[in-house]
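Take a look at the structure below.
The values are calculated or read from the model by the stated rules, or taken from the named source; none is laboratory data. As the structure is a prediction and not an experimental result, all values here were calculated from the model. Neighbour counts are summed over all protein chains in view; Cβ atoms, including those assigned to glycine, are modelled from backbone coordinates with ideal geometry. With ligands, DNA and RNA removed, areas are computed over all heavy atoms of the protein, side chains included. Shrake-Rupley method; radii C 1.70, N 1.55, O 1.52, S 1.80 Å.
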Amino acid sequence: MPETRHGIPLTDAEEDLAPSPAVAVARRRLLAHPVFVMLGIVLASLNMRAALAGVSPLMSEISGHFGLTAAASSLLTTIPLIFMGLGSIVAPKLARRFGTEAVLCGALLLLCGGILLRIAPPIVALFAGCALVGSAIALLNVLMPGLVKRDYPDRAASMTALYSTTLILGATGAAASAVPLENALGSWQGSLASWGLLAAVAALLWLPQAYLTRRGTAHGQAAATPRAAGPGPKLTRSPLAWQVTLMMGTQSLVAYVCIAWMPTIFTDHGMSKSEAGMVYAFYTLVQMTGSFVVPLLAGRMRDQRPLVVGVVLLMAAGVTGLLTAPVAGAWWWATLMGVAQGGLLGLALTFMVLRTRDAHTAARLSGMAQTWGYLLASVGPFAIGWVYGQTHGWTLPISLLLVACAALLFLGLGAGRDRKV
């Protein structure tokens with residue numbers, strides 16, 4: 001019987017060019033190989049913060065170009081956070097409808113489009129691009145834990161360590177290279193647009209995976225056809241799900257408060273802007289230590305509560321130092337808080353995997369945790385800034401971070417128990 005395409009016989013020329021069934025199967029197996037999936041996870045993770053971290057060092061140039069006030073400039077970071085929360089709502093539904101790989105590929109293409117839209121001339125394009133960037137990152141954030149749970153069930157903690165560390169590496173690289181790229185390319189627009197190339201490369205790598213999923217030949221069949229998984233447990237009725245969710249939100253709140261205000265705390269206490277920038281960059285860099293080591297340790301423990309206590313106490317020690325001697329011990333506090341912040345992120349992501357029984361529930365818990373988590377986090381920088389404006393000092397704002405540490409301890413002790421949603 002002659003070969004066909006969509007029921008129509010191939011011409012002689014097309015049949016000569018068509019691969020044999022054995023070659024086609026070999027190609028599919030190669031593209032679905034775990035090495036390619038792992039490479040796809042790494043490239044997607046690099047994109048999960050880079051487009052956001054590359055904005056902060058260029059904020060003054062962007063504000064000056066558009067004539068933005070300080071309040072309007074803050075929207076460049078707040079809008080993506082809001083849409084990271086809102087976009088998380090639809091991610092599991094899209095994955096059930098189209099397949100995890102297809103949605104990841106689409107998210108990377110959306111991210112590329114949002115990055116390029118931000119540099120279009122009208123100011124409305126700047127904010128619309130921020131919304132698209134946040135929405136795309138939301139899809140990546142939510143679907144990654146489910147993908148890890150599905151494809152690496154026996155190595156979920158180590159894979160979480162890999163992608164959370166790569167996420168921080170992408171953010172650190174973007175923040176460190178933003179100004180050099182601006183100088184090399186001649187404009188802040190060129191610096192921002194360059195991260196669209198990374199998103200495009202990652203999307204190209206996920207494109208074959210998306211195709212294989214739709215053909216039903218991907219190695220992770222459970223996630224390739226997630227509609228068969230059923231509705232799963234009612235997460236909003238689970239105290240454990242809320243503990244994971246609020247832990248994710250609280251650690252994100254602390255992280256984005258530090259992103260927004262840590263350099264200002266140092267400069268307000270007499271440190272030079274250049275040194276404050278270096279201390280902040282170091283704080284971001286050392287997060288990779290916590291984000292890599294802590295999930296690996298968590299995966300070897302049935303009960304992660306001792307790990308939670310250690311990481312939260314590390315953060316509280318750094319915050320206390322920032323409160324009592326911000327400049328004298330700045331590098332020490334940056335080290336303690338950076339390692340702890342990376343560890344808290346790694347723990348929050350690992351709990352989404354360890355506290356669920358299957359990839360479907362992991363993706364749903366990830367969606368719930370990141371929807372409410374990023375909406376909660378978006379309040380943090382504004383709230384701390386308002387308190388600082390009212391008190392004209394950093395004592396009360398930094399003390400509120402100690403309250404957040406107490407909340408993290410309480411939530412982590414609940415989420416760290418050996419239970420399943």
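Quick rundown of the values:
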{"quantity": "Dipole axis of the chain (+1 Lys, Arg; -1 Asp, Glu on Cβ), positive-most option in Gly173, Val309, Ile115", "calculated": "Val309"}
{"quantity": "Under Karplus coefficients 6.51, -1.76 and 1.60, residue-wise ³J(HN,Hα) of the range 45-58 in Hz, glycine/proline x", "calculated": "5, 4, 8, 6, 9, 4, 5, 8, 5, x, 7, 3, x, 9"}
{"quantity": "Accessible carbon and sulfur surface of the chain relative to its total accessible area, %, 1.4 Å", "calculated": "69 percent"}
{"quantity": "Computed E for Ser272/Val124 - FRET, C-beta separation, R0 30 angstrom, nearest 0.05", "calculated": "0.25"}
{"quantity": "Peptides 263-275, 360-372, 162-174 ordered by average Cβ neighbours within 10 Å, highest first", "calculated": "360-372, 162-174, 263-275"}
{"quantity": "20 Å reach of a label modelled at Asn183, 7 Å along Cα-to-Cβ, counting backbone N of the range 267-289", "calculated": "272-282"}
{"quantity": "Relative contact order (%) - the range 30-221, alpha-carbon pairs under 8 angstrom, separation at least six", "calculated": "39 percent"}
{"quantity": "Residue-wise HN-Hα coupling along the range 335-352, computed from phi with Karplus coefficients 6.51, -1.76, 1.60 (Hz; x: Gly, Pro)", "calculated": "5, 4, 5, x, 4, 5, 5, x, x, 5, 4, x, 5, 4, 5, 5, 4, 4"}
{"quantity": "Hypothetical label at Trp331: residues of the range 276-303 whose amide nitrogen lies under 13 Å (7 Å Cα-Cβ projection)", "calculated": "276, 278-280, 282-283"}
{"quantity": "Relative contact order (%) - the range 234-420, alpha-carbon pairs under 8 angstrom, separation at least six", "calculated": "41 percent"}
{"quantity": "Option label - percent of Cα pairs over 34 Å apart computed here, alternatives (i) 48; (ii) 28; (iii) 31", "calculated": "(iii)"}
{"quantity": "Val379-Ser399 pseudo-label distance in nm [points 7 Å out on the Cα-to-Cβ vector]", "calculated": "2.0 nm"}
{"quantity": "Rounded tilt (10° steps) of 305-324 against the dominant C-alpha axis of the chain", "calculated": "40 degrees"}
{"quantity": "Dipole moment magnitude, nearest 20 debye, the chain about Cα centre, only Lys, Arg, Asp, Glu C-beta charged", "calculated": "1460 debye"}
{"quantity": "Point-charge dipole on Cβ atoms (K/R +1, D/E -1) for the range 234-420, about Cα centre, debye to 20", "calculated": "860 debye"}
{"quantity": "In the chain, lysine pairs with alpha-carbon atoms under 27 angstrom apart (chain gap of 8 or more, or interchain)", "calculated": "6"}
{"quantity": "Cα-projected label distance for Ala317 with Thr264, points at 7 Å along beta-carbon direction, nm", "calculated": "2.9 nm"}
{"quantity": "Degrees, to the nearest 10: 100-117 long Cα axis against longest axis of the chain", "calculated": "60 degrees"}
{"quantity": "Surface per residue (accessible, 1.4 Å probe) for the chain, Å²", "calculated": "42 Å²"}
{"quantity": "The range 410-417 - phi-based ³J(HN,Hα) in whole Hz, Karplus 6.51/-1.76/1.60, Gly and Pro as x", "calculated": "4, 5, x, 5, x, 6, x, 6"}
{"quantity": "Cα-based helix-to-principal-axis angle, 239-268 vs the chain, degrees rounded to 10", "calculated": "50 degrees"}
{"quantity": "Potential extension, Arg357-Phe98 segment - 0.36 nm per residue separation minus Cα distance", "calculated": "91.0 nm"}
{"quantity": "Ala406/Thr289 FRET efficiency (R0 30 Å; Cβ-Cβ; nearest 0.05)", "calculated": "0.80"}
{"quantity": "Helical contribution to [θ] at 222 nm, DSSP H n ≥ 4, -39,500 (n - 2.57), averaged over the chain, rounded to 500", "calculated": "-28000 deg cm²/dmol"}
{"quantity": "Average Cα contact separation per residue, the chain, under 8 Å, 6 or more apart, as relative contact order %", "calculated": "24 percent"}
{"quantity": "Accessible area, probe 1.4 Å, largest first, for residues Trp332, Trp242", "calculated": "Trp332, Trp242"}
{"quantity": "Stretch gain in nm, segment Asp418-Ser60, where the contour uses 0.36 nm per residue and the Cα spacing is subtracted", "calculated": "124.1 nm"}
{"quantity": "Sites Leu75 and Met301, calculated FRET efficiency, Cβ-Cβ separation with R0 41 Å, nearest 0.05", "calculated": "0.50"}
